[in-house]
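One structure is given below, encoded as structure tokens.
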Amino acid sequence: MKKKPSKSRTITFFTLLSAILLLSLTSCRVSEKLTLTNEQTLEGRNHIDLSVSDYFVSVIEDLSNWDASDKSDPIIDVAMDEFVQNLENSSTTSNIRFRKAGVNTYMGDFSFNDFKSLVVDLSNGNADQSIVTTTKNGDTTHVSIRIGMDNYEDLTKMVPFLANPNFEVYGPLYNHDLTEENYLEMMGFILGEECPQEITESTIKIQVVAPKAVTDHDGTLKNAKTVEFSFPLIDFLLLHEPIEFWLEY
């Protein structure tokens, strides 16, 4: 089975937490806008549009013997249902609206009244999670996001299917010690000869809209309130070094 060559993908913060591994390995379209509207509670809203290639779905289902398992729903539907269920279980979320817009295509919106509490809720109540941290110094709020091998377990608690054996074999828990060359060779053998090029050409872009003007950051300022961060997909898949970025407002 052949895949069509794809352009580099763009994803943003909640997509990173909810679908980065699942959606970025093959052709997909993802867009998301995270908007923080209150500088005190980090209240805000989020919109997600995503589409996963039929090729990737078929490969995952073949490798995991999905049709022979006890689950009758498509594997991507199950993954999305888990994410939505986590949102519904949070005391901070409201107006959760997700729908399947087509085959392996989804749209969704939700609001939250406290971003820090939402992250804890998505971590199964783990207040010590270190993926997202916010600190205040006078009138300045510092928001940082960090993913490394030392806190990858926190991420799998936020996104349960990252720990599913059908997915985790592609991520850093299994592949951290591989060189980039060896990893890409393996992925080409498993997912097809086009896969290594798609991975190396893929860039993850995370866009955050602050509740007021951004005063400092280590990304690219798109406008007074919006910062965009980017890094190669391969950096996440191997996590040879922690992925870190931050902004202040």
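Any read-out appearing in this document is the output of simple, stated calculations on the displayed coordinates, not a laboratory observation. These numbers were taken from a predicted model, which means no experiment stands behind them. Cβ atoms come from the backbone with ideal geometry, glycine included; neighbour counts cover every protein chain shown.
The stretch 103-120 and the stretch 180-231 have Cα centres spaced 20 Å apart.
Shape of the stretch 72-180 from its Cα gyration tensor (a ≥ b ≥ c, root eigenvalues): rounded if a/c is under 1.5, otherwise prolate when a/b > b/c, or oblate? It is oblate, given that a/c is not under 1.5 and a/b is not larger than b/c.
How far apart, in nanometres, would the label points at ASP150 and PHE231 be if each is projected 7 angstrom from Cα along the Cα-to-Cβ direction? For ASP150 paired with PHE231, the spin-label model returns 1.4 nm. Here the peptides 106-112, 186-192 are ranked by packing, the mean other Cβ count within 10 Å, and the order with the highest first is 106-112, 186-192.
For the stretch 110-126, the residues whose amide N sits under 18 Å from a probe point set 7 Å from the Cα of LYS212 along the beta carbon direction are 115. For every other residue with a beta carbon closer than 12 angstrom to the beta carbon of SER91, add +1 if it is Lys or Arg and -1 if Asp or Glu, then tell me the sum. Net charge around SER91: -3.
Apply 1/(1 + (r/R0)^6) to the Cβ-Cβ distance of TYR174 and ASP139, taking R0 = 41 Å, and write down the FRET efficiency to the nearest 0.05. Working shown, then result.
Values: r = 44 Å, r/R0 = 1.09.
It comes to 0.40.
Annotation note: GluC sites (Glu not before Pro) in the stretch 176-246 located in DSSP loop regions with a Cβ neighbour count of at most 12 within 10 Å are GLU193.
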